[in-house]
Amino acid sequence: MSAHPARSLSRVLEDFGPTLLDLVHGDPAAAGEIGGVGIHDPHDEQHHPPHAVVLGVGVHGAGEIARLLRNLAAHGAAALVVRGPVGDGYALEGELVDGVEGELEDGLDSELEDGLEAVVAETGVALLALTRGASWAQLAAMLRTLLAEGDIGEAGGQTLGGVPSGDLFALANAIATLMDAPITIEDRRSRILAFSGRQDEADAPRVASILARQVPERYVRIHEEHGVFRELYRSDGPVHIPPPTVDDEVALPRVAIAVRAGDEILGSVWATLRKPLTPERERAFREAAKLVALHMLRFRAGTDAEHRLRADLVTTALEGGVGAVEALGRLGLVNEPTLVVAMGLQADRGEDHAHLTAERQRLAGALAVHLTAVQPRSAVALLGDVAYALFPVPGGSAHARERALHVASNFLQRTGDRAGLVIGIGSVAEEPSALARSRANADRALRVLFSGRTAQRVASIADVYVDALLIEMRDLAVANRDELSGPLARLVAYDAKHNAHLVETLRAWLDAFGDVITASASVFVHPNTFRYRIRRVAEVGEFDLQDPSARFAAMLQLRLMGMYDDGGGGRSEGTGPTAASTG
């Protein structure tokens, strides 16, 4: 078992190095607790969590690395990972030194190392190198898996066999110590769930498996052809496997044991051997497989339990009551301005309810992945038919709103043209008690988007505030059973009786700010005809068109009438008097 905390840089290097990561410069012990994983994008504003491990994808050259290290230091990052090997082919200004004589190149490399070491010492940001051939996506996934231990819930979690419950990497290291051999824990599809240190002592096929987090297909086929999996899943004890041979690759013998929970095969544990197992170690391997089963079951059950716990914490935080501060603390969001993002999906006519529910769950999961990639401390939960996200937003309210709109728009672009999928963004909550208001505003924005009054698919409450007020006024009028009265009621009644177009004429005149030429063109009548009709509006409705208050009341009533009759898309003049009077 590791002596280092799971959220420490020392633990990351212990578990992933030197197969994946090498420490170039810096003191891992000085980094403190890692706050999350960030990805550097030179073309976008960076928002990494405090004490983040930042993946410098595409960062090359000493000059670029040094500049990024200084920038990350200003944002409190713990470490920077660049593609290794650092110093091989780089000049001080970040240019390749291809074709330089060997002696000069060695001198440049030495000068490079000294320069970056000084920058690391100056900034306190450790510099790590990712092994060539390793995937950035796999590294990000493994880092987030490792750092997720204890992310949610009470501190001091349970242990199984002296290993933190569900921590498969710590368990792999513990088994490797018992077996004196590098270990991998795999699922039934030969995917690498966790691996121990000392993988550099293994062979090329094992290293390839670690880099891809998947046993290469050519070796899986060999095992299947030789009946290795059949024997492994039929046997209760360790199965010794001769070194697989593919082309000229040199491999070491393996010993594997199935991981079972009753009659269910959960996966297997594999050790790469340089010498035969002793009887004591074979017994230890059997016992270790039982412990792995407990951890894999805990990990599997914990995934569902964690989703439920996260949903409960998000719900508690959104209510803004006395438990909001504690819930936000367990989510890691207590000391940051946060806004609520609400995602809704309208049903297509005749769409199956079960299919719609599954689609909402799928989209909520996708939103969680998208937001976590942008802001790792985001929290998403599907509550009823709406997926709510708590999205940390450092900076001022206007800047935060623009960033949230940008992130939400990117998500909708990635999900394609799924009809009825919209996102409302609430106000910034500077303190936990304001989250309930942010959620209410996100719901208000979502309702406007659902109403069809705008073609937008994402909007903040600031963008649709007036429309939200109109919808709420309509609700109030309906609740009060208000009836249309005043000048507009007289115009509606006259149109219904005489098949006239006075309400339509008034609407066009108000929309054109009294410009008869523009208004008449919008309703396709001659200007003189329109002038006659507008005079009839004033006469029949007893309407003073020169009174600003009367004009405002008419405009408001006309908008409310549109929302009453067709849910927000506007209404045709001449329908019954169902709108509320405002004066």
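The values are calculated or read from the model by the stated rules, or taken from the named source; none is laboratory data. In this text the structure is predicted, and so the values were computed from the model without any measurement. We place every Cβ from the backbone using ideal geometry, glycine too, and count neighbours over all the protein chains shown.
Numbers below:
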read-out: Among the residues listed as A455, A493, A468, the single one being among the hydrophobic types (A, V, I, L, M, F, W, C) and either farther than 22 Å from A408 by Cα or touching a Gly at 6+ places or on another chain (Cβ under 9 Å) (or both); value: A493
read-out: Yes/no for L211 being modelled with pLDDT under 85 and not aromatic (F, W, Y); value: yes
read-out: Any hit, the stretch 458-480, residues being in contact with a His (Cβ under 7 Å, 6 or more places away or on another chain) and outside the structural domain of L339 (by TED's automatic domain parsing); value: no
read-out: Residue that is nearest to R559 (Cα to Cα), among those in the stretch 431-462 that are touching a residue at least 40 places away in the same chain (Cβ under 8 Å), part of a loop (DSSP other than H, G, I, E, B) and out of contact with any Leu (no Cβ under 6 Å at 6 or more places or on another chain); value: R453
read-out: Residue ID - surrounded by the fewest Cβ atoms within 10 Å (Cβ to Cβ), chosen from residues in the stretch 171-193 that are part of a strand (DSSP E or B) and in contact (Cβ under 8 Å) with a residue 40 or more places away in the chain; value: D187
read-out: Some residue of the stretch 478-488 being outside any helix (DSSP H, G or I), among the hydroxyl-bearing types (S, T, Y) and in contact (Cβ under 8 Å) with a residue 24 or more places away in the chain; value: yes
read-out: Scan of the stretch 238-253 for residues that are of a type outside the set (V, I, T) and surrounded by fewer than 12 Cβ atoms within 10 Å (Cβ to Cβ), ordered by number; value: P242, D247, D248
read-out: Out of R230, R206, R221, sole residue that is at pLDDT 90 or above and over 30 Å from A364 (Cβ atoms); value: R230
read-out: Search result, residues across the stretch 242-262 that are closer than 15 Å to M296 by Cα and free of Cβ contacts under 8 Å to residues at least 24 places away in the same chain; value: G262
read-out: Hey, A77 at pLDDT 60 or above, closer than 30 Å to A381 by Cα, within 33 Å of the chain's Cα centre (by Cα) and not in a helix (DSSP H, G or I) or not; value: yes
read-out: Within the stretch 194-213, tally of residues that are in a helix (DSSP H, G or I) and within 12 Å of T272 (Cα to Cα); value: 7
read-out: A204 vs. criteria without any contact (Cβ under 8 Å) to a residue 40 or more places away in the chain and of a type outside the set (D, E); value: no
read-out: The stretch 423-442, residues that are among the charged types (D, E, K, R) and surrounded by fewer than 19 Cβ atoms within 10 Å (Cβ to Cβ); value: E430, E431, R437
read-out: Residue match in the stretch 93-115 (condition: in contact with a strand residue (DSSP E or B) (Cβ under 7 Å, 6 or more places away or on another chain) and either at pLDDT 85 or above or at positive phi (or both)); value: no
read-out: Residue count, the stretch 223-267 (criterion: among the small types (G, A, S) and either over 39 Å from the mean Cα position of the chain (by Cα) or not assigned by TED's automatic domain parsing to the domain that holds A289 (or both)); value: 4
read-out: Qualifying positions in the stretch 446-462 - surrounded by 17 or more Cβ atoms within 10 Å (Cβ to Cβ), more than 21 Å from the chain's Cα centre (by Cα) and of a type in the set (A, V, I, L, M); value: V448, L449, I461
read-out: Test result for F543, more than 15 Å from L488 (Cα to Cα), in contact (Cβ under 8 Å) with a residue 24 or more places away in the chain, surrounded by 15 or more Cβ atoms within 10 Å (Cβ to Cβ) and in the same structural domain as L484 (by TED's automatic domain parsing); value: no
read-out: Subset of the stretch 414-441 (residues that are at pLDDT below 85 and either among the basic types (K, R) or over 22 Å from G329 (Cα atoms) (or both)); value: R414, T415, G416, D417, R418, A419, G420
read-out: Inter-residue pairs, beta-carbon under 9 Å, first touching a residue at least 60 places away in the same chain (Cβ under 8 Å) and in the stretch 400-411, second surrounded by 21 or more Cβ atoms within 10 Å (Cβ to Cβ) and of a type in the set (D, E), 6+ apart; value: none
read-out: The stretch 546-559: number of residues that are touching a residue at least 60 places away in the same chain (Cβ under 8 Å) and out of contact with any Ser or Thr (no Cβ under 8 Å at 6 or more places or on another chain); value: 4
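Table: residues versus (1) modelled with pLDDT under 90; (2) farther than 13 Å from R551 by Cβ.
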| residue | (1), (2) |
| --- | --- |
| E483 | yes, yes |
| A493 | yes, yes |
| A508 | no, yes |
| D511 | yes, no |
| I517 | no, yes |
| H526 | no, yes |
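Here is a yes/no grid of residues against (1) surrounded by fewer than 20 Cβ atoms within 10 Å (Cβ to Cβ); (2) at pLDDT below 85; (3) not in a helix (DSSP H, G or I):
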site: A347; (1), (2), (3): yes, yes, yes
site: E351; (1), (2), (3): yes, yes, yes
site: A354; (1), (2), (3): yes, yes, no
site: A358; (1), (2), (3): yes, yes, no
site: Q361; (1), (2), (3): yes, yes, no
site: V369; (1), (2), (3): yes, yes, no
site: T372; (1), (2), (3): yes, yes, no
site: V380; (1), (2), (3): no, no, yes
site: Y388; (1), (2), (3): no, no, yes
